[in-house]
1. Quick one: is Ile131 at pLDDT below 90 and part of a helix (DSSP H, G or I)?
2. Which one of these does Gly162 not meet: (1) outside any helix (DSSP H, G or I); (2) surrounded by 14 or more Cβ atoms within 10 Å (Cβ to Cβ); (3) at pLDDT 90 or above?
3. Taking the range 321-338, which residues are buried (at least 20 other Cβ atoms within 10 Å of the Cβ) and part of a helix (DSSP H, G or I)?
4. With the structure loaded, tell me whether Ile172 is free of Cβ contacts under 8 Å to residues at least 40 places away in the same chain and either outside the structural domain of Gln80 (by TED's automatic domain parsing) or not polar (S, T, N, Q) (or both) or whether it fails that test.
5. Arg191: modelled with pLDDT under 85 and in contact with an Asp or Glu (Cβ under 8 Å, 6 or more places away or on another chain), yes or no?
6. Would you confirm whether any residue within the range 29-41 is among the charged types (D, E, K, R) and under 26 Å from Arg333 (Cβ atoms)?
7. Do the conditions hold for Val215, that is, is it buried (at least 16 other Cβ atoms within 10 Å of the Cβ) and in a loop (DSSP other than H, G, I, E, B)?
Amino acid sequence: MTPASRSPMAAYQQAVGAAGFRHDEAQWQATQCLQACFEALLAEGATGCRGVYLWGPVGRGKTWLMDQFHACLPVPARRQHFHHFMSWVHQRLFQLNGTPDPLKALALQLAGEIRVLCFDELFVSDIGDAIILGRLVQVLIDVGVVLVVTSNQPPHLLYPDGFNRERFVPAIAALQRHMDIILVDGGADHRLHPGRCVQRYWVRQATVDSPLREVFCQWEGHMPADHRDEVIGGRRIRVLGRGQRVLWCRFADVCEAALAATDFMHLCDRYQALLIDDVPSLSAAQRPGLIARGTEDGARRIDAGDRTLPSLSIHDDSVRRFIALVDECYDRRVPLYLLADVPLERLYDEGYLTFAFRRTHSRLQEMQWARFTPDVAGLDEQA
């Protein structure tokens, strides 16, 4: 395929013309911006190429647009989910311990390997990530790495109420200065377009046996389940059953335990599907924010007086983990089967994380369609 035919614009036109996609004016505007970035990268000796920041509500096609751009690139590039990228950054910083200016060393390493860095679902809620990104984004741009990013928020709303947000403000300024900020919102959630339905979310009924038992048998071919704990990095996850391809466990043992996004990455490496039982209603009223005193940020000493912590609900710690789990499964195309106490639309409709959970709700809805992942061994035959 020639460069002229293998481009973001050609990919979009082909999808609309042949693959049955609906034309979306907002996607078309974003495609033109990505095309301009693509052409600048093609130009001999191009310097100062602007990056692209795609933001907007869930289901508008931001990830699809970025993936088409990445697939067309004629230069070395890396595409990662934001969780994966930050996991790699933390690992490299640990390896570079003792190196003068490790963030610059990391950026120079990246610049020696790639010209473009694409990462999906930028969402900053952790003070450690915010402090690292506050400088890393600037350094990456300075050494010539072109960034293409998707997010549900524009740059100026990232980490909005975060502690020590001033440490992240330089990153926001760098994004705004060196990237084209494009709103992608054609008004329709494309994840809800009709298709063949595959039920992967059930509401528990007291008189009915768990549908997850049948799902497990379909995936594992009626082989006996292994009930030994799953061990990740020395931490144990109690299981209801596990096989060669499937892990079946309770919500409390995955999302109320001391697990992190990196642990969910390992689960998706190990299993082709995850079954989560006993998912409670996650909605709860926010509690008054607590007062923290005498806090230090660990990077430099600060004068810290009283500050109000976020008004979290009793479930919000487990909700954060659940959001990370759904993100990982969605990005890796690992189907997530859930047996819950309440319908999906009522799973989390009150709490501090309602904005972040919109993406989770949309992704769980898309998992109910056959197009999310191919049928496996006769599974998912229901229409």
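The values are calculated or read from the model by the stated rules, or taken from the named source; none is laboratory data. This structure is a prediction, so every number in the text was calculated from the model and none was measured. Neighbour counts run over all protein chains shown; Cβ positions are idealised from the backbone, glycine included.
1. Working: at pLDDT below 90: yes; part of a helix (DSSP H, G or I): yes.
In short, yes.
2. If we test Gly162 against (1) outside any helix (DSSP H, G or I); (2) surrounded by 14 or more Cβ atoms within 10 Å (Cβ to Cβ); (3) at pLDDT 90 or above, just (3) comes out false.
3. If the condition is that a residue be buried (at least 20 other Cβ atoms within 10 Å of the Cβ) and part of a helix (DSSP H, G or I), then Arg321, Phe322, Ile323, Ala324, Leu325, Val326, Asp327, Glu328, Cys329, Tyr330 are the ones that fit.
4. Numbers: free of Cβ contacts under 8 Å to residues at least 40 places away in the same chain: yes; either outside the structural domain of Gln80 (by TED's automatic domain parsing) or not polar (S, T, N, Q) (or both): yes.
Criteria met by Ile172.
5. Numbers: modelled with pLDDT under 85: yes; in contact with an Asp or Glu (Cβ under 8 Å, 6 or more places away or on another chain): yes.
In short, yes.
6. Going through the range 29-41, the residues among the charged types (D, E, K, R) turn out to be 39.
Still in the list and also under 26 Å from Arg333 (Cβ atoms): none.
No, because not a single residue in the range 29-41 is among the charged types (D, E, K, R) and under 26 Å from Arg333 (Cβ atoms).
7. Values: buried (at least 16 other Cβ atoms within 10 Å of the Cβ): yes; in a loop (DSSP other than H, G, I, E, B): no.
No; evaluated as a whole, the condition is false for this residue.
Yes/no matrix, rows are residues, columns are (1) modelled with pLDDT of 65 or more; (2) closer than 30 Å to Leu93 by Cα; (3) in a helix (DSSP H, G or I); (4) under 17 Å from the mean Cα position of the chain (by Cα):
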| residue | (1), (2), (3), (4) |
| --- | --- |
| Gly298 | no, yes, no, no |
| Ser311 | yes, no, no, no |
| Tyr352 | yes, no, no, no |
| Leu364 | yes, no, yes, yes |
